[in-house]
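Below: one structure, written as C-alpha cells.
Every number here is computed from the coordinates shown, using simple stated rules; none is lab data. Since the model is a prediction, treat every value here as computed from it, not as a measurement. As a convention, Cβ positions derive from the backbone with ideal geometry for all residues, glycine included, and neighbour counts pool all protein chains shown.
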C-alpha cells in the first residue's frame, strides 16, 4: 500500500512538472517582476537634499562622498560599484532625498558611470 | 596496511566553503584527521571597532550568507541592552519571524546538500526549490533575498500588512506539505537510511565535553535550545518545542533538522497569529553609554554568542562573536575516525559547517 502511495506521489510530481511553467525568467527577454520593496537601483531627488551628510556618515560601504565648502556649496558623489544596496542611506535621510527603486542595477561599460554626481549645488543654482 | 594521508580542501568539490583537512586512511578505513581554518577570515571583529554602531549592522550581516539575520539580531539586542531600551513588541515578533524563516531555509539548504552527497539528487532539487519559497517570503517583506537588512538599532526597518500576512500564510501552507513529504522520505527511503543510519555516532558525553551546540547536540540527545532555555523576546511568549533524538548518528541529525523545520513553520504561523499592533522601530542615540553586554541567541546551527563593550563613543570598543560551527569543527576529527572513506561526505554534511561564520 505504502509503495503504491509512493509511486502515485512520484507520478503526481512528474505530471506537475510537465504542466507548470519554468521557475526561471529569460531576463532581459522575459518580464521580471521584482517585489515592491526590493532594494534595487538607487534614485536621488536633488531638490530635497540639504547637504547634511547623514547618508555619508552612515553608509557602511563608503559609497557616498560629500565635498562641502559651505552650507550652500557642496557636491554629493555616489559610487555605485562600492554600494552594498543595504538601504541605510534611505533610512538615514531625513528629507527623503535618497530611495531604492525596485529596478535591477544595470551593468556599465563607461568609466564615467562609476561616479554619479547626485547633487552639485552650483549646477542646481544655475 | 600503510597509512596514507589525503588532503581535502581548501578547494574541493565536497566543500562549499574553504576548509583544509588532512585525512589519514588505511585502505577503506579512516584513521583520523586534522583541520586547518582561517581561509575566509576577514577580520570582521577588528573592522567593527573602526565603524559606527549603525554601519556595523550591515557589516555584521555579512559574517554569514545563510544565517545573516540572526547575527544582526544578536548584535542589535546587544546594542539596545547597552542603550537600555526595549524595542516595540511588534518589532520583536518580526525579528523572530525572520529568524524562523532563516532556520527553515538554512535547514532545507543543508538537507539538499546532504541529499546530494549521498546521491539523492532529486531530493536536492526538491529541497532547494522549497527553500526558495522561504527566501521569496524574506525578499518580499525585507527587500533582500540573502542580505535582508531587516534589523536596525531600535527595531526593524519594515512593517507587515494584511497582504503580506496572507502571502506568508499561503507559502507556509505549501511548505508544510513539502516538508511532510521530505520527512516521509527520510524516515522510509531505504537509500537514505542505508547511507546515514549508524554513520559516525557521537555520544552525548562527547557532545558535552566538546561544547557542541545546536541540532548536532540535540541529535545526540542533549536537550538544549536557547529559544526555550534563555529566550530573547518574544520567544519567552512562544512555546518552542525542542526536537531531540538519542541516535547521535547522521540519520538522527537529518531527522532533528527536518523536524525542526516543521516546528519553525508552526512557529511562523503562531508569530503571524500573535503579531501585536504598534510601531516597529524607535529612534535611538548614536552614542552608546559605557558598558559591556553578552547576548546569546539560537542560530540555525546552535548557540550564537555576542560580547559587546562600549567606551561611550559611537564605535564599539570590542565586539566578540562566537559561532556554533567552531565547536562542531573541533569534534570533526573525532567523528572522522573509524568510518569508511565513502562516509566522509556524509559526516561533513551532517555537521552543517559554516566556515564563513567560524572564521569571520
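Helix B:89-117 and the longest principal axis of the C-alpha atoms of chain B enclose an angle of approximately 20°.
Residue by residue through B:148-155, how many Cβ atoms from other chains fall within 10 Å of the Cβ on average? The partial results should precede the final answer.
Numbers: counts 2, 8, 1, 0, 4, 0, 0, 0.
Going residue by residue through B:148-155 and averaging, the value is 2.
Hey, quick one: spin label on residue A:62, modelled 7 Å out along Cα-Cβ, who in the stretch B:43-64 has an amide N within reach, i.e. under 20 Å? Correct set: B:43-63. Annotation: for a label point projected 7 angstrom from Cα along Cα→Cβ of residue A:13, residues of the stretch B:88-125 with backbone N closer than 20 Å are B:105-125.
Using the per-residue mean of other Cβ atoms lying within 10 Å as a proxy for protection, in what order, highest first, do the peptides A:25-36, B:333-344, B:300-311 fall? Don't skip to the end; give the middle numbers.
Values: A:25-36: 10.2, B:333-344: 17.1, B:300-311: 22.3.
Result, highest mean first: B:300-311, B:333-344, A:25-36.
Site pair residue A:107 and residue B:188 shows an inter-label distance of 4.8 nm when each label is modelled 7 Å from Cα along Cα→Cβ. Each part gets one Cα centre, and for the stretch B:304-325 versus the stretch B:52-127 those centres are 18 Å apart.
Evaluate the relative contact order of chain B (contact order divided by residue number), counting alpha-carbon pairs under 8 angstrom at least 6 apart; express in whole percent. The value is 26 percent. Rounded to the nearest 10 degrees, the angle from helix B:121-142 to the longest Cα principal axis of chain B is 10 degrees.
Principal-axis analysis of the Cα atoms of chain B puts helix B:162-188 at an angle of about 20° to the longest axis.
Counting Cβ atoms of other protein chains within 10 Å of each residue's Cβ and taking the mean over peptide A:33-41 gives 4. FRET efficiency for the pair residue B:146 and residue B:340, taken as 1/(1 + (r/R0)^6) with r the Cβ-Cβ distance and R0 = 25 Å, rounds to 0.10.
The mean sequence separation of alpha-carbon pairs under 8 Å and at least six residues apart, normalised by the residue count of chain A, gives a relative contact order of 30 percent. P(r) for the stretch B:17-87, from all Cα pairs and a bin width of 5 Å, is 3, 13, 16, 17, 12, 9, 8, 7, 6, 4, 2, 1, 0 %, short bins first.
Sorted from fewest to most neighbouring beta carbons within 10 Å, what does the list B:330, B:204 look like? Intermediate values should be presented prior to the final figure.
On the way: B:330 13, B:204 17.
So the residues, fewest neighbours to most, are B:330, B:204.
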